[in-house]
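The values are calculated or read from the model by the stated rules, or taken from the named source; none is laboratory data. Predicted, not measured: the structure shown is a model, and the values here were computed from it. Cβ coordinates were reconstructed from backbone atoms using ideal geometry, including for glycine residues, and neighbour counts include every protein chain displayed.
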Amino acid sequence: MSGVFQDAIRSLLSPIANLLDDPGISEVMINGPYEIFVEKKGLVYKVDNRFPSEDSLISAMRAIAQSVHRVIDDDNPRLDARLPDGSRIHVVLPPMAKNGTTVAIRKFSKEKLTLKDLIQFGSLSEAAARFLDICIYLGKNIVVSGGTGSGKTTMLNVLGSRIPKTQRLIIIEDAAELQVKAEHVVNFETRKGNPDAGIEEVSIRDLVISAMRLRPDRIIVGEVRGDEALDLIQVMNTGHDGSMGTVHANNPIDACTRLETLCLMGETKIPPDAIRKMVGSAMQVIVQCSRYHDGGRRTSHISEILGVDSKGNYICRDIFKWVQTGKDPDTGKYLGEMVPCNYVPSFFEDIIVNKLPFPKSNFIAPDWVADLKRKAS
Ligand SMILES: Nc1ncnc2c1ncn2[C@@H]1O[C@H](COP(=O)(O)OP(=O)(O)O)[C@@H](O)[C@H]1O
Ligand SMILES: [Mg+2]
């Protein structure tokens, strides 16, 4: 990391230098100068590092803000920024932060995980990975859903890199994080406005509108968290098949509801019932990422959305899901695997017509799953 941080910031951050340099640490959390935690392999530990004082911690944050041409002070007590090395930092100052200046640094990992890694970590079964590959090939609209740090961006990166080479991909993000390996990629990043300096804001919404006019084959919105949800839904419903995005939700149905709520945040004249139908028909496959209590990040569900029923409920069918079978007594890690759910997706015919090697038997759950259920009831 040396050379990337300016020397001043580097020396101001010296109390946590070893944490920033340790590639095994993915996140550094500072709860005031004297209490610091880190995340390692998904688990959170307290460390002995401390800043000498609240003032020294604030100085470090002020220098970081300055280096990205922003201000953090009593009038602007929150900072959301990206460090030169790609790490993301969020800061809240007292008196809002009761523990003292509170900071989280999500370290940028240069080594991006691949589909193979996810299989190796047990986050995805081989069959499920192949199925996702097929969904991408067939241009299904995919929404990756999950909580903070559950692996959404990682999953989107992996999925994006499987898009066929001949297609033009436009990626829109708040902070450029995705590094999709494809031949024809255009990256857009939003800009915060500053009316005093005459700088106009450019939002995700604005960029989606531009993207539509730039002949995309597919549009990817890194994180959908505002009224741009409606634009993405419309993109998905108007022939840009194979578009993708991530949303903050705890399960696949929740992801639908969340997108619906976000769509309604904007000033739209479309009635809520109609929005719900649009969401139901736009989303085809949901990949749910979850962080489990053992620290493991896993794909908990891959589900198909089949629209809404006559009562207005989303129709959601799980295709694959992760089932826990036990717990390793030594490491505390959960044992389990991703299994098919006895549901054949509605687009199975496309798989056959396109001669994709994925037999129907891959959707049949192994016997032990039913045995496990029987034992549990
Ligand atoms: N399946 C996985 N197994 C292990 N680590 C993972 C997995 N998916 C993501 N990670 C790691 O977890 C951290 C958070 O992932 P990220 O994709 O940024 O989450 P999100 O976008 O949901 O906030 C990163 O350090 C990433 O490398
Ligand atoms: Mg993310």
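Those residues that are outside any strand (DSSP E or B), under 22 Å from the mean Cα position of the chain (by Cα) and either surrounded by fewer than 16 Cβ atoms within 10 Å (Cβ to Cβ) or within 16 Å of ligand 1 (Cβ to nearest atom) (or both), I need them from the range 185-203; list them, please. Across the range 185-203, the qualifying residue is only LYS192.
Yes or no: the range 171-180 includes at least one residue that is assigned by TED's automatic domain parsing to the domain that holds LYS355 and at pLDDT 95 or above. Scanning the range 171-180 turns up at least one residue that is assigned by TED's automatic domain parsing to the domain that holds LYS355 and at pLDDT 95 or above. Residue-level check: of (1) over 26 Å from GLY24 (Cβ atoms); (2) among the basic types (Lys, Arg); (3) surrounded by 15 or more Cβ atoms within 10 Å (Cβ to Cβ); (4) under 27 Å from the mean Cα position of the chain (by Cα), ARG78 misses just (3). Each residue in the range 163-178 was checked for being within 16 Å of ligand 1 (Cβ to nearest atom) and either surrounded by 16 or more Cβ atoms within 10 Å (Cβ to Cβ) or part of a helix (DSSP H, G or I) (or both), and 6 of them qualify.
Among the residues of the range 222-252, those identified as surrounded by 19 or more Cβ atoms within 10 Å (Cβ to Cβ) and within 16 Å of ligand 1 (Cβ to nearest atom) are GLY222, GLU223, VAL224, MET244, GLY245, THR246, VAL247, ALA249, PRO252.
Scanning the range 285-297 for residues that are more than 12 Å from ALA255 (Cβ to Cβ) and away from ligand 2 (no atom under 16 Å from the Cβ) yields TYR292, HIS293, ASP294, GLY295, GLY296.
Just one of the listed residues (SER125, SER150) is assigned by TED's automatic domain parsing to the domain that holds ARG218 and either aliphatic (A, V, I, L, M) or within 20 Å of VAL247 (Cα to Cα) (or both), and it is SER150. Of the residues making up the range 77-110, those that are in a loop (DSSP other than H, G, I, E, B) and more than 21 Å from GLU54 (Cβ to Cβ) are LEU83, PRO84, ASP85, GLY86, SER87, LYS107, PHE108, SER109, LYS110.
When every residue of the range 57-68 is checked against the conditions, none turns out to be over 26 Å from the mean Cα position of the chain (by Cα) and not in a helix (DSSP H, G or I). The conditions of being more than 30 Å from LEU159 (Cβ to Cβ), of a type in the set (Val, Ile, Thr), at pLDDT 95 or above and in contact with a Pro (Cβ under 9 Å, 6 or more places away or on another chain) are met by VAL92. Would you confirm whether any residue within the range 217-236 is assigned by TED's automatic domain parsing to the domain that holds GLY139, modelled with pLDDT of 95 or more and in contact with a Phe, Trp or Tyr (Cβ under 9 Å, 6 or more places away or on another chain)? There is no residue in the range 217-236 that is assigned by TED's automatic domain parsing to the domain that holds GLY139, modelled with pLDDT of 95 or more and in contact with a Phe, Trp or Tyr (Cβ under 9 Å, 6 or more places away or on another chain). Considering the range 206-301, the qualifying helices (runs of 4 or more DSSP H), each wholly inside and each with 1 or more residues that are within 16 Å of the chain's Cα centre (by Cα), run over 228-237, 252-265.
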